[in-house]
Structure formats: structure tokens, C-alpha cells
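Laboratory data are not the source of any read-out in this text; all were calculated from the coordinates shown. Since the model is a prediction, treat every value here as computed from it, not as a measurement. Neighbour counts are summed over all protein chains in view; Cβ atoms, including those assigned to glycine, are modelled from backbone coordinates with ideal geometry.
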Amino acid sequence: MPTHTTHSSPEAEQIRNIERSRLRALVAGDMDAARPLHAPEFQLITPIGMPLSKDEYLGAIVSGQIKYLMWEPGPIAVRQQNGHAVIRYRARLEIVFGGHRVAPGDYWHTDTYEYRDGRWMVVWSQATAISQMS
């Protein structure tokens, strides 16, 4: 039977810490810290449904096309099994996109991580805007 952990294992906490480090690096525009946390075939699906490769995404941050002003994650749920992990959390973001400041908003994030060459790295990421409608 495969091992499966949710929420409380040391490995789950390690994955949470890596995700928080990744977010800090993205907000700071620190590509030396961010690049190794993203798999070569990384892909982000943005809240507007646009797919971005690793180079497109990190390049947009370097160029200033995407500038994170704030990225505050809430509790990070982790489901981990045999070198794969899926995380999900709600976060508050403030961003400048294409020179236009986007109002602060809440988003759901779902990311898949894989354990490769002795470390965890994010492979897929998807962000979904949370509607402000009641």
C-alpha cells in the first residue's frame, strides 16, 4: 500500500516551507532563488486561463511585466505520496501586470510538486480568482 500523508508529516512541512520560499523569491524578483524551485517543464495557468512556461513566467517577472507587491498565503494543505505532492491554499495577492496595478484580491492556488534529484520542485501551478460577489 502506498504511503500517503496529509497535513502533518515532516515532509509535508518541508513542502510548505519550499512553497513559502518560492513565493518570497517571486515577490522579491529573486530569480537565483526561484529558478531551482521550478521544474524545467513548469507551467502556470493564470487566473485568466493563460498558460505560461517557466521561461515565460520567470522572464515576465524579470522584465517587470509581472510584479508581485504582496503574496500572503493562508494555511497550505498538502497531499503527498511517493515523490509527488499536491498543495492547495488561499492567498491574498496584489500585483502589477503590464504596468497596471490590479486591485488586491483573493485567489486559490493549486500546485503539483515532484521530488527529483534530491529536492522538491513545482511542476504545475494554477491560480483561480475568488469572486467578490456574495
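Just a few scattered comments:
- Within region 98-134, being surrounded by 10 or more Cβ atoms within 10 Å (Cβ to Cβ) and of a type in the set (Asp, Glu) holds for ASP106, ASP111, GLU114.
- Residue check for GLY49: on the phi > 0 side of the Ramachandran plot, in contact (Cβ under 8 Å) with a residue 24 or more places away in the chain and out of contact with any Gly (no Cβ under 9 Å at 6 or more places or on another chain): no
Each row is one residue, and each column tells you yes or no for (1) of a type in the set (D, E, K, R); (2) farther than 18 Å from GLU13 by Cα.
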site: VAL62; (1), (2): no, yes
site: GLN65; (1), (2): no, yes
site: ARG79; (1), (2): yes, no
site: ALA85; (1), (2): no, no
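Here's the yes/no breakdown for (1) assigned to a helix (DSSP H, G or I); (2) hydrophobic (A, V, I, L, M, F, W, C); (3) touching a residue at least 40 places away in the same chain (Cβ under 8 Å); (4) crowded, with 16+ Cβ neighbours inside 10 Å:
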position	(1), (2), (3), (4)
VAL27	yes, yes, yes, yes
ALA39	no, yes, yes, yes
ILE61	yes, yes, no, yes
TRP71	no, yes, yes, yes
ALA85	no, yes, yes, yes
